[in-house]
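The values are calculated or read from the model by the stated rules, or taken from the named source; none is laboratory data. The structure displayed is predicted, hence computed values, not measured ones. Virtual Cβ from ideal backbone geometry, glycine too; neighbours counted across all protein chains shown. Surface areas here come from the heavy atoms of the whole protein model, side chains and all, with no ligands, DNA or RNA. Shrake-Rupley method; radii C 1.70, N 1.55, O 1.52, S 1.80 Å.
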Amino acid sequence: MADPSSYRPEQGQIPDSPGVYKFRDEHRRVIYVGKAKSLRQRLASYFQDIAGLHPRTATMVTTAASVEWTVVSTEVEALQLEYSWIKEFDPRFNVKYRDDKSYPSLAVTLNEEYPRVQVMRGPKKKGVRYFGPYGHAWAIRETVDLMLRVFPVRTCSAGVFKRSAQIGRPCLLGYIGKCSAPCVGKVTPEEHRELAEDFCDFMAGRTGTYLSRLEKEMHAAAEEMEYEKAARLRDDIGALRRAMEKNAVVLADATDADLIAVAEDELEAAVQIFHVRGGRVRGQRGWVTDKVEAVDTAGLVEHALQQLYGEEKGEAVPKEVLVPALPEDTPTLNQWLAERRGSQVSLRIPQRGDKKALMETVHRNALQSLALHKTKRASDLTTRSRALEEIAEALDLDGAPLRIECFDISHLQGDDVVASMVVFEDGLARKSEYRRFQIKSFEGQDDVRSMHEVVSRRFRRYLQEKLKTGEWEAEESEGAVPEDDGRPKRFAYPPQLVVVDGGQPQVAAAKRALEELGIDDVAVCGLAKRLEEVWLPGEDDPVVLPRTSEGLYLLQRVRDEAHRFAIQYQRSKRGKRLKSGPLDEVSGLGESRKQALIKHFGSVKKLRQATIDQICEVPGIGRKTAETVAAALAQAVPAGPAVNTATGEIIEDETPAPAGASSERGTEQ
């Protein structure tokens, strides 16, 4: 625990201007990012008597070991830089909202020649128009199904579209009138794009004009006695009205607004957002967060606005944003939102009428979300805490192993030997910390030697990170150590417990690797698959945990996850090797020119029989490259002939044969 006075800057050194500041810990990791109108006044508030600080702020300043700042010209720039740094450094003491689930959106791919309507999740892509997010994917599909009658836009994948174009026949939707069939040329690209844009306009809430136009066309058709056309238009209008009825009108004045409500207690907060477009609720989403910094409702709202609109532009930022409390620097946020939208944005608290009533509904959703989250987390926390305590007691550890790393070796009869490292923190998988290794020091099958190599490599990297931060000094330093930039490092955090998949030999190898590096504060154990026994270094008898033990269950989950991750990597590596051919060994020959060679000659066999002059005839292949290709194919041993196992017939090699393919089968280990 650091004393804040030890790194407090001199008062005259801190500028009295807007800026963004970073607190770093003793490892040079960024642990908190903040912004201020006046850096001098804001930073001075952190270095007062610790007894007068909020407990969370006191924890942060005593964890920190240094502070630095960047001056900017305006408060809007400070807001933007703060958001960028929080996203880049992921500081542990900043409020970070996490989605309680992945919300689907309705997307229209206007960046394609023939725009497609589909359900999308994940990060937004450039050139794609999004509507939502929605609570359920089926709600999107029901709405789209109704609207395709009026707006028959393409919904098929690229593969289906290409196949229909090749055979000259549309899919079922094209036959039943729910797709305009651009794949077979029933409409031009311009006509199809106009349909997609009309679809977007309707989804954006501009429904009145379009419905009025359809009604006029229906009456005109009836007057002209075109009763079939009039009936079709009547049914189209009915379909659109049913699609609209799925979202009830909540604001009578056809408002475009986002409503943000917050429910909180001393430790956690839940945020709910309703997206209202054209007076109807078009989407809903929710976030939860731990209150790791001293923050009030206004501060939570500010963080929510940054996360909600930090990557958005244009109409994705509505004209009105209704909140339960105004942030401290509302004018700056208003200016920032206006810049992102391209026009004025109103950020305010609803006072009366429909908007206030709807805000109360959003707040009730936030309260329910927080209660549900706390119920789930209480159960999970209790179980995970009991599991970690049981492991600590069984292995005689000083404390609960908050970070566990597990290693596993995988190979196929000694080929493609790889290893995995998975990480569990607080009993939960931390997939961003997973790592995988190729065994480099030897060839063949030796799980014990492989385990020694992998553990050595992992902890050697850990010592290198300590050397960079100055925590550990090597006897001979090789050159200057680069400045740490505060980003999370690949091997910077040591575990309290290393678990290996195996018994006594693997445990002994891992322990020996740690001792050779001089590391004596990391516990090691192994979990053998046969009887689920826990082995400790130097012990002749295993530790047997009860079958109902939460600690054993957690160790099994860790071991099984390491096994899954290792096999996944081994299969991927083996697949690449089996798919590789003799052309992959030719230096400087890229994928495009390889495909051009195969397309020109038809197969590797025919390419092998070609002369250098014939190879030079392929576009993009010069004489030097042709000579290299011919030499490589002459040296490569052709794969054995393929055999039809049903008839015994030898199949001629007319396709590129994968090098190193084998008919032998083995088990993954």
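A few remarks follow.
- Peptides 27-36, 84-93, ordered by how many other C-beta atoms sit within 10 Å of their residues on average, highest first, read 27-36, 84-93.
- Solvent-accessible area per residue for the range 507-631 (1.4 angstrom probe, square angstrom): 56 Å²
- Percent carbon-and-sulfur accessible area, the range 498-579, ignoring ligands, DNA and RNA, probe 1.4 Å: 48 percent
- Taking amide H atoms as placed 1.01 Å from N in the peptide plane, the amide H of residue 181 has no partner under 5 Å among residues 5 or more positions away or on other chains.
- Residue by residue, the range 501-506 carries 3J(HN,Hα) couplings of 7, x, x, 4, x, 5 Hz when phi is fed to the Karplus relation 6.51 cos²θ - 1.76 cosθ + 1.60 (θ = phi - 60°); x denotes Gly or Pro.
- Scanning residues 5 or more positions from residue 524 or on other chains, those with amide H under 5 Å from its amide H are 498, with H placed 1.01 Å from N in the peptide plane.
- Per-residue Karplus couplings for the range 19-29, computed as 6.51 cos²θ - 1.76 cosθ + 1.60 with θ equal to phi - 60°, are listed in order as x, 10, 10, 10, 9, 10, 8, 5, 8, 6, 7 Hz, Gly and Pro entered as x.
- Once the C-beta distance of residue 235 and residue 431 is scaled by a Förster radius of 45 Å, the resulting FRET efficiency is 0.35 to the nearest 0.05.
- Using the Karplus relation 6.51 cos²θ - 1.76 cosθ + 1.60 with θ = phi - 60°, the per-residue 3J(HN,Hα) values for the range 393-400 come to 5, 5, 9, 6, 8, 5, x, 5 Hz, with x marking Gly and Pro.
- Gain in span if fully extended, residue 312 to residue 217, counting 0.36 nm per residue against the direct Cα distance: 30.4 nm
- Taking a ≥ b ≥ c as the square roots of the Cα gyration tensor eigenvalues, the range 372-448 comes out prolate, since a/c reaches at least 1.5 and a/b is larger than b/c.
- Solvent-accessible area per residue, Å², over the range 345-474 with all protein chains present [probe radius 1.4 Å]: 52 Å²
- Dipole size of the range 288-357 about its Cα centre, with +1 on Lys/Arg Cβ and -1 on Asp/Glu Cβ: approximately 400 debye, rounded to the nearest 20.
- In terms of the mean number of neighbouring beta-carbon atoms within 10 Å, the peptides 52-60, 267-275, 549-557 order highest first as 267-275, 549-557, 52-60.
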